[in-house]
Amino acid sequence: MSVTVLDQEMYAEAEAARLLAVPPTTLHYWLEGGVRRGKLYEPIVRETRKGGHFPVTWAEFVECAWLRQYRRQHQVPMKELREFIAQLREKLGVPYPLAHAKAFAHEGKLMIVEAQQAADLDLEYYLVAPVGGQMMLTAPGEDYYERLRYVSGIVSAWRPHDDPKSSVLIQPDVRFGKPAVAGISTEVLWEQVDAGASINEVAEDFGISVSDVRWAVSYESAPAA
């Protein structure tokens with residue numbers, strides 16, 4: 001997988017919003033910025049606005065996944081997140097810093113700490129914190145990082161399920177970026193079960209584990225799906 005994958009256009013905004021389980025208007029604001037209470041705000045994820053509803057790239061999707069987590073689970077103020085991303089983007093020298101493994105390497109962690117401080121991010125919202133002379137992932141940072149898989153230093157997969165045991169992954173080069181287990185669309189597996197086939201039958205028919213089928217059905221049965 002090469003860095004060019006990060007720029008690959010993956011989803012229409014509506015589809016990306018569905019996969020991320022956020023309102024389409026919220027996703028559009030993260031990508032393009034907008035007017036709030038009479039004031040124009042710059043994009044959070046993109047360096048500059050494109051001026052419309054453009055396809056969401058893989059890198060943008062990954063960073064929106066992080067933003068979704070922090071906004072939903074930790075209620076971090078948007079102003080601080082916008083500044084944090086801008087600071088980290090400049091320090092790492094890449095447009096989508098949280099889509100790169102180097103952000104979580106030792107030097108990258110130091111840069112994250114510096115970006116957090118420059119953005120006046122509250123301590124409770126830190127991705128990385130200095131502990132005993134070492135740079136350690138915080139609980140929010142670990143929650144984001146452990147959802148990711150890397151190939152050649154960039155994010156190659158994201159786990160949409162909250163449960164870390166889930167085998168459901170979203171990958172840009174598998175099933176056109178649709179959620180899948182063992183390379184098979186979760187939607188296809190769920191349709192088989194919904195049509196009356198047993199979990200064991202579906203597992204045998206597709207040559208995958210019973211556990212994978214259960215995770216697929218669990219994911220597709222959730223309201224977010």
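So in segment 18-29, with the set limited to residues that are of a type outside the set (Ser, Thr, Tyr) and under 13 Å from residue 54 (Cα atoms), which one is surrounded by the fewest Cβ atoms within 10 Å (Cβ to Cβ)? Can you show your working first?
Going through segment 18-29, the residues of a type outside the set (Ser, Thr, Tyr) turn out to be 18-24, 27-28.
From what is left, the residues that are under 13 Å from residue 54 (Cα atoms) are 24, 27-28.
Details: 24: 15, 27: 24, 28: 20.
Looking at residues that are of a type outside the set (Ser, Thr, Tyr) and under 13 Å from residue 54 (Cα atoms), I get 24.
What number goes with the only condition from (1) part of a helix (DSSP H, G or I); (2) under 22 Å from residue 8 (Cα atoms) that residue 124 does not pass?
Of the numbered conditions (1) part of a helix (DSSP H, G or I); (2) under 22 Å from residue 8 (Cα atoms), the odd one out for residue 124 is (2).
From the set of residues in segment 136-188 that are in a helix (DSSP H, G or I) and not assigned by TED's automatic domain parsing to the domain that holds residue 61, which is nearest to residue 101 (Cα to Cα)?
To start, the set of residues in segment 136-188 that are in a helix (DSSP H, G or I) comprises 139-145, 175-177, 186-188.
From what's left, not assigned by TED's automatic domain parsing to the domain that holds residue 61: 175-177, 186-188.
On the way: 175: 24, 176: 23, 177: 20, 186: 27, 187: 30, 188: 32 Å.
Ranking the candidates gives 177 first.
Conditions first: (1) surrounded by fewer than 14 Cβ atoms within 10 Å (Cβ to Cβ); (2) more than 25 Å from residue 113 (Cα to Cα). Residue 175 passes all but one, so which condition is the exception?
(1)
Select from segment 82-100 the residues that are surrounded by fewer than 21 Cβ atoms within 10 Å (Cβ to Cβ), of a type in the set (A, V, I, L, M) and in contact with a helix residue (DSSP H, G or I) (Cβ under 8 Å, 6 or more places away or on another chain) and list them in ascending order.
The one that is surrounded by fewer than 21 Cβ atoms within 10 Å (Cβ to Cβ), of a type in the set (A, V, I, L, M) and in contact with a helix residue (DSSP H, G or I) (Cβ under 8 Å, 6 or more places away or on another chain): 92.
List every residue pair whose Cβ atoms sit under 7 Å apart, with the two residues 6 or more apart in sequence or on different chains, where the first one lies in segment 191-205 and is surrounded by fewer than 16 Cβ atoms within 10 Å (Cβ to Cβ) and the second, anywhere, is not in a loop (DSSP other than H, G, I, E, B).
So the pair list comes out as 200/210.
The values are calculated or read from the model by the stated rules, or taken from the named source; none is laboratory data. As the structure is a prediction and not an experimental result, all values here were calculated from the model. Cβ coordinates were reconstructed from backbone atoms using ideal geometry, including for glycine residues, and neighbour counts include every protein chain displayed.
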